Amino acid sequence: VTGVQTCALPILRNLLGFKYRVILGYPSGADIDLAMERGETQGRANVAWEGLKNRNLDWLREKKIALLYQEGLKRHPELPDVPLVLDFAKSAEDRQILELKFSSYELGYPYFVAPETPPARVATLRAAFQAALADPELKGEAAKQRLDVEPVAGTEIERILKAAFAAPPSVIARYEALSKTPAEFETAKPVVVTAALTAVESDGKRI
């Protein structure tokens, strides 16, 4: 398994016993995709569903890949049959550790203001964001580009953060221990291919 971001792999292996032979070192997601197509690796870790739909739609359409599980606090509505990692937890504490790990996945790219901002102003900003992201024209443009519009309300972000910060010290300590990267991760030696550009055709759409 390869991945540009491998932060979840140690916990999945140390807590749940997932058996990976992890290879690091590919400089980008595109290089990892090529490595899979060349047969250098059999899988890839931590791929955003939205990115997969946009970059590798043919892989999905032609069933060239299989999705093993979802990382996060809830299943994506388009992937109801792909299991959620949280469902593999063997105890309540294991599930709490996984929730602590994946809580940040639910936040996306949040906007925030200073804590002394008046509550009325915070409420206005939250309402404005919700209204903008519910705009039919925005949703229509996003659909044309196969982009998901899944806003997380400010109140929900606040709830997720409070739950994470309320985790018991024992859970945090175990979380930190399980997050340590194994020393045996391998480093890839990507093949670099160079070529000369000889022509540009179809109004710049083909080289």
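Per this entry, residue 110 is counted among residues that are touching a residue at least 12 places away in the same chain (Cβ under 8 Å), out of contact with any Ser or Thr (no Cβ under 9 Å at 6 or more places or on another chain) and under 29 Å from residue 24 (Cβ atoms). Could you please let me know if residue 44 is under 18 Å from the mean Cα position of the chain (by Cα) and closer than 20 Å to residue 9 by Cβ? For residue 44, the condition - under 18 Å from the mean Cα position of the chain (by Cα) and closer than 20 Å to residue 9 by Cβ - is met.
Residues that are of a type outside the set (A, V, I, L, M, F, W, C) and within 25 Å of residue 149 (Cβ to Cβ) within the range 100-128 comprise 103, 104, 105, 106, 108, 109, 110, 111, 121, 124, 126, listed in sequence order.
The range 129-207 holds helices (runs of 4 or more DSSP H) entirely within its bounds, and those carrying 1 or more residues that are under 28 Å from residue 56 (Cα atoms) map to 136-144. Taken over the range 10-31, the residue count meeting the criterion of being in contact (Cβ under 8 Å) with a residue 40 or more places away in the chain and either at negative phi or of a type in the set (Phe, Trp, Tyr) (or both) is 14. The set of residues in the range 74-85 being assigned to a loop (DSSP other than H, G, I, E, B) and under 18 Å from residue 13 (Cβ atoms) consists of 83 alone. Number of residues in the range 178-207 that are modelled with pLDDT of 80 or more, under 30 Å from residue 92 (Cα atoms) and open to solvent by 60 Å² or more (accessible area, probe 1.4 Å): the value is 1.
For every residue, the table says whether it meets (1) open to solvent by 50 Å² or more (accessible area, probe 1.4 Å); (2) assigned to a helix (DSSP H, G or I).
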| position | (1), (2) |
| --- | --- |
| 33 | no, yes |
| 47 | yes, no |
| 58 | yes, yes |
| 72 | no, no |
| 87 | yes, yes |
| 97 | no, yes |
| 103 | no, yes |
| 111 | yes, no |
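Scanning the range 143-157 for residues that are among the basic types (Lys, Arg) and either open to solvent by less than 70 Å² (accessible area, probe 1.4 Å) or on the phi < 0 side of the Ramachandran plot (or both) returns a single hit, 144. Of the residues examined, residue 79 is one that is loosely packed, with under 15 Cβ neighbours inside 10 Å, touching a residue at least 24 places away in the same chain (Cβ under 8 Å) and in contact with a helix residue (DSSP H, G or I) (Cβ under 9 Å, 6 or more places away or on another chain). For the subset of the range 113-142 comprising residues that are open to solvent by 70 Å² or more (accessible area, probe 1.4 Å) and among the polar types (S, T, N, Q), which member is nearest to residue 76 (Cα to Cα)? Only one residue fits best here, namely 130.
The values are calculated or read from the model by the stated rules, or taken from the named source; none is laboratory data. Because the structure is predicted, anything quoted here is derived from the model rather than measured. Positions of Cβ are generated from backbone atoms using ideal geometry, with glycine treated the same way; all protein chains shown enter the neighbour counts. For accessibility, only protein heavy atoms count, side chains too; no ligands or nucleic acids. Shrake-Rupley method; radii C 1.70, N 1.55, O 1.52, S 1.80 Å.
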